[in-house]
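What follows is a short report on a single structure.
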């Protein structure tokens, strides 16, 4: 969710422009992985909300197979974000840009669905639409913003702790998050679960540490073993779709290690990657989840007789339509946001300089 901050699901630097010169500055390896991750997430949501009923064994297996990798896509996005953010200076405007982006789509979607009588318009509903982060319209965005707010502390830990000590911390964190639920199973017969937001924030923090560590130090493992272990983990993800499962984490880390070494630049890939955050916001909005697929199945693809083909058409249509809408947003609304965010950044910088001069004068 872009040039040139390279955040996980969006590049949130205020001077975003989709010029060919800007897009070609960035290596496309991780941008391609970002696109793949979003495709996996869209497929997962088609599986959950699309209502496609498969009749053949092959169709059933394929739908479950692809539907299993949605959480893997989320893991990948967090790892990519941490990989770049660990060496970035914290800016409040990045968080503000995410909020503005999400708020715009939340309000527009609510108004459009009200105009078409899908929902009854009310001031309370409009207020709720204007505060999507507060009302948890998108769980991922809410927790990711919290992660961004605490990222300066996480980066400080990553930069101040030696590699050896960090590995010990890393082993403890992984063990704590992965194994603790099973202790609950042994003691009480049920998996130990934290409250939802605490659990997800723990998972995001765990992934941030991993991605940040790779961004700082890399991981020296033979390419053959990286590919082998990643493929093996991808197979087992089929049986465990939890974000925090060891299979998901290993597969996501392996894919990050593989794609980060792809050294090439492709304008088309970079542009598509810049739309991934918008694709997520549009198709995963509460009002869009079922309604978009109901419309496509009953109005557009009503004569499609093959469940497998319908599943493919739904995936491609949702991805492409949302991508095109987001491209329009980036060329219009985002440019207005950029001017506002640039102004805010300028005021922050002036304040910091003034404060530094006052402290120097007092000394």
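List the pairs whose first member sits in region 61-72 and is at positive phi and part of a helix (DSSP H, G or I), whose second member is modelled with pLDDT under 70 and buried (at least 20 other Cβ atoms within 10 Å of the Cβ), and whose Cβ atoms are under 6 Å apart, counting only residues at least 6 apart or on separate chains?
Going by the 6 Å Cβ cut-off, there are no qualifying pairs.
Does residue 344 satisfy the condition of being buried (at least 19 other Cβ atoms within 10 Å of the Cβ), in contact with a helix residue (DSSP H, G or I) (Cβ under 6 Å, 6 or more places away or on another chain) and assigned to a helix (DSSP H, G or I)?
So residue 344 fails the test.
Could you figure out which of (1) touching a helix residue (DSSP H, G or I) at 6+ places or on another chain (Cβ under 9 Å); (2) part of a loop (DSSP other than H, G, I, E, B) isn't true of residue 101?
Residue 101 satisfies every listed condition except (2).
Residue 239 fails exactly one of the following numbered conditions: (1) at pLDDT 75 or above; (2) out of contact with any helix residue (DSSP H, G or I) (no Cβ under 7 Å at 6 or more places or on another chain). What is the number of that condition?
All conditions are met except number (1).
Condition first: under 19 Å from the mean Cα position of the chain (by Cα), crowded, with 16+ Cβ neighbours inside 10 Å and not in a helix (DSSP H, G or I). Can you find one or more residues in region 104-125 that meet it?
Taking every residue of region 104-125 in turn, none turns out to be under 19 Å from the mean Cα position of the chain (by Cα), crowded, with 16+ Cβ neighbours inside 10 Å and not in a helix (DSSP H, G or I).
Between 2, 30, 48, which is under 22 Å from residue 254 (Cβ atoms) and either under 15 Å from the mean Cα position of the chain (by Cα) or modelled with pLDDT of 55 or more (or both)?
On inspection, the qualifying residue turns out to be 30.
Can you pull out every residue in region 288-315 that is assigned to a loop (DSSP other than H, G, I, E, B) and either at pLDDT 95 or above or out of contact with any helix residue (DSSP H, G or I) (no Cβ under 6 Å at 6 or more places or on another chain) (or both)? Steps first, answer last, please.
Quick first cut of region 288-315, residues assigned to a loop (DSSP other than H, G, I, E, B) only: 288-290, 301-306.
Within region 288-315, 288, 302, 303, 305, 306 meet the criteria.
The values are calculated or read from the model by the stated rules, or taken from the named source; none is laboratory data. Computed from a prediction, not measured in an experiment: that's the story for all the values here. Ideal geometry is used to build each Cβ from the backbone, glycine not excepted, and the neighbour counts take in all protein chains shown.
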